[in-house]
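Each remark here refers to the structure printed beneath this line.
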Amino acid sequence: MRARTAYRSSKLSPWYALAPGRLVAGMFMTLALVFGAASWKLGYWVHGEPGPGLLPLGTSLLLAVCAAFLYGPPREPEEAVVLERLPLVAFALLCAYGLALPWGGMVLPSVIFGVLWMRLLHQRPFLVSLIVSALVTGAGTLMFKVLLKVPMSLWPGMS
């Protein structure tokens with residue numbers, strides 16, 4: 001599917017029309033910092049073993065690399081990609097999820113994130129979103145906490 005484009009006009013503000021890639025790069029770098037902070041808070045290496053913050057650390061590093069590539073000049077300077085609402089909602093949800101993990105444990109933020117993601121971005125019914133989110137969170141908890149024995153906080157105030 002081809003992305004919608006708009007030529008520079010009075011509809012686009014100058015800061016956005018000149019560097020849409022830099023705006024997205026800034027969003028990616030913000031996400032990288034949020035996930036890096038969550039990694040630090042969770043502990044990426046605990047008692048000589050990988051900790052619960054190792055995955056957010058890897059995610060933050062990959063996002064930082066993507067942001068570095070996106071920061072460069074656009075290929076076609078006469079076109080600017082129109083930034084729509086859904087990517088901004090996804091960005092806000094990811095930031096909120098990254099910030100909530102260290103303080104809310106694994107289960108509650110993951111279920112809430114999954115429900116909001118499916119409701120806001122995919123317009124799924126609430127009950128379906130809740131069931132799918134609970135199943136995915138349960139599978140992740142089973143894999144990391146039980147099978148891989150990764151020390152992680154499942155609920156607020158518990159480890």
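The values are calculated or read from the model by the stated rules, or taken from the named source; none is laboratory data. Small disclaimer: the values here were computed from a predicted structure and weren't measured. FYI the Cβ positions are ideal-geometry reconstructions off the backbone, even for glycines, and counts take in every protein chain you see. Keep in mind that these areas ignore ligands, DNA and RNA; they rest on the heavy atoms of the full protein, side chains included. Shrake-Rupley method; radii C 1.70, N 1.55, O 1.52, S 1.80 Å.
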### Query
Considering only protein heavy atoms, what is the solvent-accessible area of Lys41 at a probe of 1.4 Å, reported in Å² to the nearest 10?
110 Å²
### In Hz, Karplus ³J(HN,Hα) per residue of segment 113-124 (6.51, -1.76, 1.60; θ = phi - 60°; x = Gly, Pro)
4, x, 5, 5, 4, 6, 6, 7, 9, 10, 6, 7
### Query
What is the distance, in nm, between label points placed 7 Å from the Cα along the Cα-to-Cβ direction at Trp155 and at Val89?
3.2 nm
### Query
So how do Tyr97, Tyr44, Tyr71 rank on accessible area, 1.4 Å probe, biggest first, that is with the largest at the start?
Tyr71, Tyr44, Tyr97
### Query
Averaged per residue, what accessible area in Å² does segment 94-159 show with a 1.4 Å probe, protein chains only?
61 Å²
